[in-house]
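Working notes, beginning with the structure itself.
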Amino acid sequence: MTNKSSIYELSRPARYLGGERGSVCKDWTQVDVTFALAFPDVYEVGMSHIGSAILYRVLNDTPWIAAERAYTPWPDREVQLRNDGEKLASLESGRDLADFDIIGFSLQYELCYSNVLMMLDLSGLPMRSSERSEQAPLIIVGGPCAFNPEPLADFFDCAVIGDGEEVVLELCAAVRACKAAGESRATLLKRLAAIEGLYVPSHFTVTYLADGRVATITANDPQQPKVRRRVLADLDSAPYPEQPIVPFLQTIHDRVAIEVARGCTRGCRFCQAGYIYRPVRERQPDTVRKLIDQLLRHSGHDEVSLLSLSTGDYSAIETLMQNLMGCYADQRVAISLPSLRVGSLTPALMNEIKKVRKTGFTLAPEAGSERLRQVINKGIREEDLVDSARAAFELGWRVIKLYFMIGLPTETDADLAALVDLSARVKTAGRSTQGGADVNVSVSTFVPKAHTPFQWDAQIGIEETLARQRHLRDALKKKRLRLKWHEAELSFLEGVFARGDRRLGDVLEEAVKRGCRFDGWREHFRWDLWQEAFAAANLDPSWYLRQRLAEETLPWDHIDAGVTKEFLLRERQAGLLGEATPDCRNGQCSDCGLCDFDTVRPRLADSHRLKAPVAQPEAMLAEPELLPKIRLTMTKTGRTASLSHLEYMTLIHRAVRRAGLPIKYSAGFHPAPRISFGDALPLGVASDAELIDLELTLPCQPQEAFERLNQELPDGVRVLKAESWPRKGESPANSILAATFKVPLPEDTDDGLEDRLKDFLEQSTVIATRTKKQRAIELDLRPWVLDLKREGSILWMKMHSGSPLFLAAYLLEKDVELVRALGIYKTAVEMKDAGIQAD
């Protein structure tokens, strides 16, 4: 855990706490292999990645493996670690990453590569694999970007190509055997190279032509010229984290996530995921339902997201939605479908969707004209899209987001004009609906990706991207439509690395040394530093955006994604001719080369395996107005003292849901639990006297609430007392007469403190200046205070209101941040009701 003296200087301390509910911290003396799951982005992003959660469960379910987590520290934390001479450590045990046997990075996006190298450096490890010692951890990578891992080839030891659930255990078994036998790193790499789905870059030699193109890719072992992708045959029987880690802070996707299907065979020719994750493998609907039950029970979330590349294509989607809405409507659980395709929006599905909390509705036509949609095999008719938008507006959505790409192969000005016209038609479709309608248009630049039919095509450069963005912005503005776009420089750099070769390793290393970090974040992206790095390596980045020849050796040709190069070339030609390739899930095989039709084949869900829920008679609810509240006296200590008030509230809300307490909800479109909190504690102030009121819909004895809640709370948060409270009684904030705070005094406290306390109490006003949002504000501190006294090394403050942190800083004549690190403690409160004291 982060040193308490410095954690409060950080923008989001909860990122670095660890100890979340559902996390696993094993005794290292009882395991054979230790594995750090390192995500090269900030905590909120990494905790939203379901693939990492699956591997965390798979690894920790194995008794002899201990898996822990690490995320890229935000720049303020990196500076802090370097200044303090500390190394990057895991969240669970706090051990340095360099102490692990394996460090595994998930590569979800090319612009996270700089974070991978920064994390290695911050761990005290050489960036390049050739410079690391025999005792250093094995560095592995995986994820979609591992299908062209060549720009990172000089930095990792091994890459997982494809699905990781099975191969990661085989990898760990090889490491275990190697450790037991005392074998060298070279011998370990030979073991790993023999496992299907594992790529060892040092076992391949790459040569280049004079113009920079790849000449040859030669395997050290002629019997293994390519690395075959690993395919998980049956998703339905695959492990899934039923007891997820519940973060203290809000993450990017702050909800229960269940992967209902993996793979897509729609065949959109630009979509890498559609080719590297096929065939379609669906979970059975009864399996999905059971997993959701467990995930909700163990998380306390109030929203479920059904994940897949195209959730609307899930074979049992209508049956599943009817079942989920029927089962969870009374529990106020929202069901979200983040990936809907226009062609899959049937009337029955739309009828179910209208019951869902309407947080947003996105349609992705990708291209403006039907001609260009035929080129990319996006079989959406303009009329169907407009009809879907109209239906969404009629069902209550007020804003629709349209997602397009610019720079697609064969795109012309006419296609851009069609994009503007289509967006305007969608907006017009909502004008006649109740409440009006709005449309946001978002465009990104097409980036050709490896293992797709368009992997040979050129990407437009920065100037052309900016010109098309300006054209669209001006044209859409005339239609009263807003445009959002992806920065041209970010798309340019993504394109360079997406189809890059090993020579880019020098550029990447140089960019990291110059300070490049978080390149996918606008506020941190430094294009000037990247330009300097390319110049230092004597490489022209625009060369990587060029069109490739069909017969050219591509940097990733030794990575076998299962789909043949011949099929991709046929698809590219079909695209140029505007010919459609049908979805093979229920139709004719498109002969992509992946399936053996025995183990590897499409596996579709059977909608008959899940029945519609039987209607249950409504429970006889007591009149909520007649029920007393339950007042809780709770702690906020240990690592949870570093949580903000909002984070603490979220923690309590989720614990109440997990405990199954019959909590009352507010009315309105977004009902909220009727849970009342006292005034917010300053960050870093611990407490044994936080007052919280629960309003109920059914009778519940305070002792029952006490016991059920304490079973669901993390370390540092406990219910000390539960009691009935009048339904019209004062709220926690208004019922407090006084609060007592204990302030440990620093060693350099001067002898004049007692005189200052006495003088303070004798004054009628005590004016102090407080800086808030870079503005000085004068405050009278005297009304805050009821009593002050020093007892040895403790300052006791009895307060009616105000900030104990600011008051203590004033009395001790010290900076607020120095006082925050002292460990101020709220020990008791006195309440108005007959002076009842919670202590």
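The values are calculated or read from the model by the stated rules, or taken from the named source; none is laboratory data. Just so it is clear, the structure is predicted and the values come from calculations on it, not from any experiment. Neighbour counts are summed over all protein chains in view; Cβ atoms, including those assigned to glycine, are modelled from backbone coordinates with ideal geometry. Keep in mind that these areas ignore ligands, DNA and RNA; they rest on the heavy atoms of the full protein, side chains included. Shrake-Rupley method; radii C 1.70, N 1.55, O 1.52, S 1.80 Å.
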With the other protein chains left in place, how much accessible area per residue, in square angstrom, belongs to the chain at a 1.4 angstrom probe?
42
Amide H contacts under 5 Å for Glu259, placed H, 5+ residues apart:
Leu307
Order of exposure, largest accessible area first, which applies to Thr771, Thr319, Thr633 with probe 1.4 Å
Thr771, Thr319, Thr633
Taking R0 as 56 Å and r as the Cβ-Cβ distance between Lys611 and Ser442, the FRET efficiency 1/(1 + (r/R0)^6), rounded to the nearest 0.05, comes to 0.90
Could you compute the FRET efficiency for Lys565 and Ser542, with r as their C-beta to C-beta distance and R0 at 22 Å, rounded to 0.05?
0.30
Using a 1.4 angstrom probe on heavy atoms only, work out the carbon and sulfur share of the accessible area of the chain in %.
49
Averaging sequence separations of C-alpha pairs under 8 Å and six or more residues apart, then dividing by the length of the stretch 451-551, give the relative contact order as a whole percent.
39
Nearest 10 degrees, 0 to 90: what angle lies between the long axis of helix 488-498 and the longest principal axis of the chain (Cα atoms)?
60
Fully extended, how many nm does the chain gain between Lys772 and Leu81 (0.36 nm per residue separation, minus their Cα-Cα distance)?
246.0 nm
Per-residue HN-Hα couplings for the stretch 301-312, Karplus 6.51 cos²θ - 1.76 cosθ + 1.60 at θ = phi - 60°, whole Hz, x for Gly and Pro?
6, 10, 9, 10, 10, 8, 9, 5, 5, 8, 4, x
Binned at 10 Å from zero, the C-alpha pair distances of the stretch 402-492 give percents of 16, 45, 27, 10, 2
Within the stretch 519-575, report the GluC sites (Glu not before Pro) that DSSP leaves as loop and that have at most 10 other Cβ atoms within 10 Å.
Glu523, Glu551
For Ser315, which sequence-distant residues (separation of 5 or more, or a different chain) have an amide H within less than 5 Å of its own amide H, given hydrogens modelled in the peptide plane?
Ala605
Please list 47-57, 708-718 highest first by mean number of surrounding beta-carbon atoms within 10 Å per residue.
47-57, 708-718
Just report the Cα centroid separation between the stretch 118-151 and the stretch 558-579, whole Å.
32
Which length gain, in nm to one decimal place, applies between Asn586 and Leu753 when the Cα-Cα distance is subtracted from 0.36 nm times their residue separation?
52.0 nm
Taking a crude spin-label model, label points 7 Å out from Cα along the C-beta direction, the Asp506 to Gln223 distance in nm is 3.6
Rounded to the nearest 500, what is the 222 nm mean residue ellipticity of the chain from helices alone, with -39500 (n - 2.57) per DSSP H run of 4+ residues and division by all residues?
-8500 deg cm²/dmol
Can you compute the FRET efficiency between Lys477 and Glu383 using 1/(1 + (r/R0)^6), with r the Cβ-Cβ distance and R0 = 35 Å? Round to the nearest 0.05.
0.85
Ordered by residue, what ³J(HN,Hα) values in Hz, to whole numbers, does the stretch 93-104 give under the Karplus form 6.51 cos²θ - 1.76 cosθ + 1.60, where θ = phi - 60° and Gly and Pro are x?
9, x, 7, 4, 4, 5, 7, 7, 6, 9, 10, x
Value of relative contact order over the chain, rounded to a whole percent, pairs C-alpha under 8 Å and six or more apart:
11
Give a residue-ordered list of calculated ³J(HN,Hα) values for the stretch 240-250 (Karplus: 6.51 cos²θ - 1.76 cosθ + 1.60, θ = phi - 60°; whole Hz; x for Gly, Pro).
8, x, 6, 10, x, 6, 9, x, 6, 10, 6
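Residue separation times 0.36 nm, minus the C-alpha to C-alpha distance between Ala233 and Leu466: what's the value? Numbers along the way, then the final one.
On the way: separation 233, 0.36 × 233 = 83.88 nm, distance 4.37 nm.
The Ala233-Leu466 span can extend by a further 79.5 nm.
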Among DSSP beta bridges lying fully in the chain, give the percent that are antiparallel, nearest 5.
55
To the nearest 10 degrees, the tilt of helix 317-328 (Cα long axis) against the first principal axis of the alpha carbons of the chain is 10
Cα axis of helix 645-659 to longest principal axis of the chain: angle in degrees, 0 to 90, nearest 10?
80
If I take all pairs of Cα atoms in the chain, what percentage of them are more than 34 Å from each other?
59
The long-range amide H neighbours of Arg482, using H built 1.01 Å from N in the peptide plane and a cut-off of under 5 Å, are Val441
To make sure I understand the rule: partners must be aspartates and glutamates, Cα under 18 Å from the Cα of Lys565, and not fewer than 8 residues away in the same chain. Which ones qualify?
Asp457, Glu551, Glu552, Asp557, Asp591, Asp596
Could you tell me how far the Cα centroid of the stretch 270-306 sits from the Cα centroid of the stretch 400-432, in Å?
31
